[in-house]
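The values are calculated or read from the model by the stated rules, or taken from the named source; none is laboratory data. None of the values given here were measured: they were computed from a predicted structure. Cβ placement follows ideal geometry from the backbone for every residue including glycine, while neighbour counts extend to all protein chains displayed. When the accessible area is computed, the model is the full protein with side chains, heavy atoms only, and any ligands, DNA or RNA have been set aside. Shrake-Rupley method; radii C 1.70, N 1.55, O 1.52, S 1.80 Å.
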Amino acid sequence: MALLLKNGTYIHSETLEFITSNILVEEGENGGIIFLKDIPSDSNIQIIDCTGKYITQSFVCGHHHVYSALSRGMGAPKKNPENFNEILEYVWWTLDKCLDAEMIKASALYTAIACVKNGVTFVIDHHASPNAIQGSLEIIASAFEKVGASHLLCYEISDRDGFDKAEEGLNETAEYLKNHQGLVGLHASFTVSDYTLKKAVELAKQSDSGIHIHVAEAESDQNHCVSTYGMRVIERLQKFGALDSGKTILGHCLHLSENEKKIISNTPAWVVQNTESNLNNKVGYFNAEGLGENIMLGTDGMHSDMLRSAKAAFFVGQNFDTIGYDTVYQRFRNADRYLKNNGFTGHGPNNLVVLDYDTPTPFKKGNFYGHFVFGLESKHIQHVISQGSLIVENRKILTVDEEKILADARIQAERLWSKMRK
Ligand SMILES: [Zn+2]
């Protein structure tokens with residue numbers, strides 16, 4: 001059934017034009033939106049009164065981790081981590097090894113719900129479950145689709161658990177890319193051998209895909225690369241052709257030399273900034289200077305709220321980055337350009353949020369950025385439309401039973417935590 005958003009104010013995500021109109025939302029992957037003066041008398045149209053509401057394109061998360069969904073409140077690791085590598089070893093690599101199919105499914109369903117309720121209808125995820133690799137991406141894709149979130153998934157290939165696991169990761173990726181849009185995931189330079197890196201780039205090229213990898217999240221990634229390979233991380237990725245594709249995503253990029261920044265800005269590859277994760281891991285501050293225009297925002301699995309990520313990037317950036325009101329909005333929206341230019345589907349004009357946003361000051365094109373930084377929050381997201389279908393209505397998810405999914409997730413979380421304690 002087609003949807004009609006009656007008498008809302010549409011904010012064009014690029015031009016920031018405000019248009020008050022009725023909007024007919026077409027269904028399906030290639031559906032569009034049509035501005036209508038009059039309400040059609042078609043009984044096959046669901047009408048939602050949007051008087052006083054704002055409507056705009058829904059959001060994209062440029063870097064997420066479904067695998068971390070069941071970590072909230074899990075308690076302290078066996079050893080208190082003293083640096084980033086220990087955080088990986090004692091927290092995330094302990095957790096991901098314990099994940100099984102049921103836990104992955106629960107993690108994916110919860111993540112998709114959290115995303116869409118925050119207006120994020122497209123998720124770029126980077127997944128790891130070294131003891132449940134085969135089929136893991138299909139589990140996540142199905143869960144996302146059940147909820148109504150579009151996706152660009154990858155498996156985090158790494159040699160950190162041995163070459164067999166890297167091989168399994170490559171196979172899982174190859175299998176998945178046969179039937180889905182996706183990326184070839186790599187954990188990070190310091191856990192990926194030359195052999196695996198070469199294989200991953202070959203697979204990306206064969207599948208007309210790109211690489212999705214963590215880059216220089218901590219200085220230790222660079223130190224390892226220089227001492228092992230005699231070059232810096234970006235130089236190494238360039239040498240293997242990982243930066244040749246406009247689909248490639250480089251996560252974090254905190255500790256880069258001027259030369260590495262220059263290399264990135266001269267390639268079509270993308271950078272994704274994850275401010276709150278960087279703060280949490282105490283690994284440094286993102287600075288976009290010299291990186292070029294291809295920068296988008298992610299959550300790194302910390303949460304699923306892109307408006308929050310944008311605010312964090314803006315406020316932390318006041319001290320550590322060159323970021324203005326327009327720049328933060330651009331970074332927030334750049335994922336739209338990433339998806340569109342690369343021909344990825346699932347983020348057309350019929351993906352929308354309806355905002356119930358009351359403001360004590362005028363809200364218009366000329367002061368949109370001020371409202372974006374200081375006003376708009378995920379609590380204002382009242383309805384969410386994904387590929388023309390209403391999936392969140394009055395802040396309630398319509399596609400799945402959220403209560404049941406959360407109850408099951410809590411059971412899976414207990415199972416995961418008890419496995420981790422062993
Ligand atoms: Zn990450």
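Annotations for the structure displayed:
- Out of D125, D96, D100, one residue alone is charged (D, E, K, R), closer than 20 Å to W417 by Cβ and open to solvent by less than 20 Å² (accessible area, probe 1.4 Å). It is D96.
- Test result for S207, surrounded by fewer than 24 Cβ atoms within 10 Å (Cβ to Cβ), within 30 Å of P349 (Cβ to Cβ), in contact with a helix residue (DSSP H, G or I) (Cβ under 7 Å, 6 or more places away or on another chain) and without any contact (Cβ under 8 Å) to a residue 40 or more places away in the chain: yes
- Selected residue (only one of H212, H255 is in a loop (DSSP other than H, G, I, E, B) and within 16 Å of the ligand (Cβ to nearest atom)): H255
- Residues of segment 235-252 that are touching a Phe, Trp or Tyr at 6+ places or on another chain (Cβ under 6 Å) and either within 16 Å of the ligand (Cβ to nearest atom) or assigned to a strand (DSSP E or B) (or both): I249 alone.
- Counted residues, segment 45-78 - those being touching an Asp or Glu at 6+ places or on another chain (Cβ under 9 Å), in a strand (DSSP E or B) and within 16 Å of the ligand (Cβ to nearest atom): 4
- In the set (1) farther than 30 Å from L153 by Cα; (2) open to solvent by 70 Å² or more (accessible area, probe 1.4 Å); (3) not polar (S, T, N, Q), I48 fails one condition alone, (2).
- Failed criterion for D164 (all others in (1) part of a loop (DSSP other than H, G, I, E, B); (2) away from the ligand (no atom under 16 Å from the Cβ) hold): (1)
- Test result for T359, under 28 Å from V66 (Cα atoms) and either hydroxyl-bearing (S, T, Y) or part of a strand (DSSP E or B) (or both): no
- Residue in segment 325-332 that is closer than 18 Å to K379 by Cα and either within 16 Å of the chain's Cα centre (by Cα) or modelled with pLDDT of 95 or more (or both) present: yes
- Filtering segment 210-229 to residues that are over 19 Å from N334 (Cα atoms), open to solvent by less than 10 Å² (accessible area, probe 1.4 Å) and either of a type in the set (K, R) or touching a Lys or Arg at 6+ places or on another chain (Cβ under 7 Å) (or both) leaves Q222, C225.
- Per-region count, segment 1-56, residues under 13 Å from L352 (Cα atoms) and among the basic types (K, R): 1
- R232 being touching a residue at least 24 places away in the same chain (Cβ under 8 Å), open to solvent by less than 10 Å² (accessible area, probe 1.4 Å), away from the ligand (no atom under 16 Å from the Cβ) and not β-branched (V, I, T): no
- Yes/no for K146 being farther than 16 Å from C61 by Cβ, in contact (Cβ under 8 Å) with a residue 12 or more places away in the chain and crowded, with 21+ Cβ neighbours inside 10 Å: no
- Enumeration of residues in segment 272-310 that are open to solvent by less than 10 Å² (accessible area, probe 1.4 Å), within 11 Å of the ligand (Cβ to nearest atom) and not in a helix (DSSP H, G or I): V272, N274, G298, T299
- Among the residues of segment 6-20, not a single one is open to solvent by less than 70 Å² (accessible area, probe 1.4 Å) and touching a Gly at 6+ places or on another chain (Cβ under 6 Å).
To keep it simple, each residue is scored yes or no on (1) touching a strand residue (DSSP E or B) at 6+ places or on another chain (Cβ under 9 Å); (2) modelled with pLDDT of 95 or more.
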position	(1), (2)
L4	yes, yes
I19	yes, yes
I34	yes, yes
G52	yes, yes
I55	yes, yes
W92	no, no
A106	no, yes
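- Exclusive hit being open to solvent by less than 40 Å² (accessible area, probe 1.4 Å) and over 30 Å from L406 (Cα atoms), set G162, G135, G182, G169: G162
- Restricting attention to segment 258-271, the residues that are open to solvent by less than 40 Å² (accessible area, probe 1.4 Å) and either within 16 Å of the ligand (Cβ to nearest atom) or in a loop (DSSP other than H, G, I, E, B) (or both) total 4.
- Any hit, segment 380-388, residues being under 20 Å from T121 (Cβ atoms) and open to solvent by 40 Å² or more (accessible area, probe 1.4 Å): yes
- Looking at S207, S220, just one residue is away from the ligand (no atom under 16 Å from the Cβ) and among the hydroxyl-bearing types (S, T, Y), and that residue is S207.
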